[in-house]
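Q: Starting off with a structure, shown below.
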Amino acid sequence: MHSKWCSAATNPPGPVVRSSSPGETDVRIGIIGTENSHVDHIIDYLNVERRAADTRVVALSGGASERNEKLRVTGQLERLVDAPTDLLGLVDAVIITDRHGGLHREHAVPFLAEGLPVFVDKPLACTGADARAIVAAAREHDAPLTSSSAVRWVPDTDALAEQAASLGAPQTVITTGPADPDSEYGGIYFYGIHPVDVALRLAPGAVGEVSVEKFADTIVAGADVGGIRVVVQFVRPSSDGRVPFHGLVVGRYGLAARELVLGPSYVEPGLRAFLEMAKTRRPPIDYDDLVRPMQFLDAVVEAIRSY
């Protein structure tokens, strides 16, 4: 057991208090993987607009690249460091936003081993094995961990979940979204996490055997999830655009369906969930639910290798 943090189950400590004003909390955040545009939203929210009191991003890893220098100036950051582990000792919490989820295990585990709160932007990993290893590190060191698709938290998804709850026991969940199995950022995991994460939010329970079929430019994956039929449609983007995210739930006595729109503030709900976790040390999503999407996507990847 590490000594820096006590167990989350035994009166866990809050973030380090560094503000000169009584009652204000200052959580120093480090970011790993700055090529993702989500970093711009995060720095605007925390450092430019100062919408979380004195909680702010203080450092980025990746060295003094042109992009990092621009982010440093925009957010008035304290420093840039070269390696992700150079953030250890400088920050109280970490956000990992590498575009390629294959880097997430390597980047997350050292901070979880120190008991720090960690937010891994989508996807948690690019294999179920890596996802389980990340979660195992969080559990072993009592380190708060969260990860999610931004689509999971948008108002349209909340509204769909609320409407579906009024329709009796769910029978079928169908989600649709763009995903490129040949993406340089981890294939179908990169964007496929969005419709899968939404589907599994709407269908709690164990993921059964996943069947996968290909029709034209769409991959259709289905499974029994806790007694609910779940179907996820991954549509390859074209040069003319891409299909929107969409969700549909068939209940025992009704149907709910809507497009899931990413508004200009789509990053904020997931960020706020992380900030609350950093204060309370209570993860907003059950750890088993962090792994289920990777289990589903692993089966999809295994199937499409034969196409």
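Q: Expressed as an acute angle from 0 to 90° and rounded to the nearest 10, what is the orientation of the C-alpha long axis of helix 128-140 relative to the principal long axis of the chain?
A: The answer is roughly 40 degrees.
Q: Here's a follow-up. Could you give the nm distance between label points at D182 and R79, where each point is 7 Å from its Cα heading toward the beta carbon?
A: So the label points at D182 and R79 sit 4.4 nm apart.
Q: I would also like to ask the following. For the stretch 27-149, with all protein chains present and a 1.4 Å probe, just round the carbon and sulfur fraction of the accessible area to a whole percent. List each step's numbers first, then the result.
A: Working: 2000 of 4390 Å².
That fraction is 46 percent.
Q: Here's something else I'd like to know. Regarding the stretch 114-188, what's the average projected area of the Cα-atom convex hull, expressed in nm²? Walk me through the numbers before you get to the answer.
A: Numbers: hull surface 28.8 nm².
The Cα convex hull of the stretch 114-188, projected and averaged over all directions, gives 7.2 nm².
Q: Summing Lys, Arg as +1 and Asp, Glu as -1, what charge do residues with Cβ under 14 Å from the Cβ of L103 carry, L103 excluded?
A: Values: positive: R99, R105, K122; negative: E35, D98, E106, D121, D130, E184.
Surrounding charge for L103 is -3.
Q: If you average over every viewing direction, what projected area does the convex hull of the Cα atoms of the stretch 27-149 give, in nm²? Mind showing how you got there, number by number?
A: Numbers: hull surface 26.8 nm².
Result: 6.7 nm².
Q: As I understand it, the dipole of the chain uses +1 on the Cβ of Lys and Arg and -1 on the Cβ of Asp and Glu, about the Cα centre. Which of H100, A113, A203 lies farthest toward its positive end?
A: A203
Q: Another question, then. Could you tell me which residue out of A223, V27, I42 lies farthest along the dipole of the chain toward its positive end? Charges go on the beta carbon: Lys and Arg +1, Asp and Glu -1, centred on the Cα centre.
A: The Cα lying farthest towards the positive end belongs to V27.
Q: Taking the Cβ of L248 as the centre, find all other residues whose Cβ is under 12 Å away and add up their charges (Lys, Arg: +1; Asp, Glu: -1). Write down the numbers at each step before the final one.
A: Working: positive: R229, R258; negative: E259.
Charge balance in the 12 Å sphere: +1.
Q: Would you mind finding the longest exposed-site-free stretch of the chain, with exposed GluC sites (Glu not before Pro) meaning DSSP loop and at most 10 other Cβ atoms within 10 Å? Write out the running numbers ahead of the final one.
A: On the way: sites that count: E49, E184, E209.
The segment 50-183 is the longest one with no such site.
Q: Given R₀ = 41 Å, FRET efficiency for L90-S239 by Cβ-Cβ distance, to 0.05? It would help to have the intermediate numbers written out before the result.
A: On the way: r = 43 Å, r/R0 = 1.06.
According to the calculation, E is roughly 0.40.
Q: Then there is this: Please report the projected area of the chain's Cα convex hull averaged over all directions, in nm². Please report the intermediate quantities before stating the final value.
A: Details: hull surface 67.1 nm².
That works out to 16.8 nm², a quarter of the Cα hull's surface.
Q: Further question: When a/c reaches 1.5 or more, the comparison of a/b and b/c decides; with that in mind, is the stretch 170-289 rounded, prolate or oblate per its Cα gyration tensor?
A: Values: a/c = 1.58, a/b = 1.16, b/c = 1.36.
Oblate.
Q: Once you charge only the Cβ atoms, +1 for Lys and Arg and -1 for Asp and Glu, what is the size of the charge dipole of the stretch 80-225 about its Cα centre, to the nearest 20 debye? Numbers along the way, then the final one.
A: Numbers: 8 positive and 21 negative charges, 62 e Å.
That gives the stretch 80-225 a dipole magnitude of about 300 debye.
Q: Sum up the charges of everything whose Cβ sits under 12 Å from the Cβ of L87, counting Lys and Arg as +1 and Asp and Glu as -1, but leave L87 out. Kindly include the intermediate steps, with their values, before the conclusion.
A: Numbers: positive: R28, R79; negative: E78, D82, D86, D92, E114.
Result for the local shell: -3.
Q: Oh, and also: About its Cα centre, how strong a charge dipole does the chain have in debye, to the nearest 20, once Lys and Arg get +1 and Asp and Glu get -1 at the Cβ? Provide the component values of the computation, followed by the final result.
A: Details: 29 positive and 40 negative charges, 101 e Å.
Computed about the Cα centre, the dipole is about 480 debye.
Q: Shifting gears a bit: Please list 3J(HN,Hα) in residue order for the stretch 45-60, calculated via the Karplus relation 6.51 cos²θ - 1.76 cosθ + 1.60 where θ = phi - 60°; whole Hz, with x for glycine and proline.
A: Once rounded to whole Hz, the list reads 5, 8, 9, 8, 7, 6, 8, 10, 6, 8, 6, 7, 7, 10, 7, 10.
Q: Another question, if that's okay. Compute the FRET efficiency between Y253 and E69 as 1/(1 + (r/R0)^6), taking r as their Cβ-Cβ distance and R0 = 51 Å, and round to the nearest 0.05. Working shown, then result.
A: Working: r = 58 Å, r/R0 = 1.13.
Once the sixth-power term is evaluated, E becomes 0.30.
Q: Next question, about the same structure. Subtract the Cα-Cα distance of S211 and A136 from 0.36 nm times their separation in residues, and report this length gain in nm to one decimal. Mind dumping the intermediate values first?
A: Details: separation 75, 0.36 × 75 = 27.00 nm, distance 2.77 nm.
Computed gain between S211 and A136 is 24.2 nm.
Q: Mind checking the angle between helix 66-75 and the chain's longest principal axis? C-alpha axes, 0 to 90 degrees, to the nearest 10.
A: 70 degrees
Q: Dipole of the stretch 27-149, Cα-centred, from +1 at each Lys and Arg C-beta and -1 at each Asp and Glu C-beta, to the nearest 20 debye? Let's see the in-between values first.
A: Details: 13 positive and 18 negative charges, 44 e Å.
I would put it at about 220 debye.
Q: Right, next: With n ≥ 4 as the cut-off for DSSP H runs, can you work out [θ] at 222 nm for the chain, using -39500 (n - 2.57) per run divided by the number of residues, rounded to the nearest 500?
A: Values: 8 runs with 95 residues, N = 307.
Calculated at 222 nm, the ellipticity per residue is -9500 deg cm²/dmol.
The values are calculated or read from the model by the stated rules, or taken from the named source; none is laboratory data. Please read these numbers as outputs of a predicted model, since none were measured by experiment. Counting neighbours? That spans all protein chains shown, and the Cβs are built from the backbone with ideal geometry, glycine included. Surface areas here come from the heavy atoms of the whole protein model, side chains and all, with no ligands, DNA or RNA. Shrake-Rupley method; radii C 1.70, N 1.55, O 1.52, S 1.80 Å.
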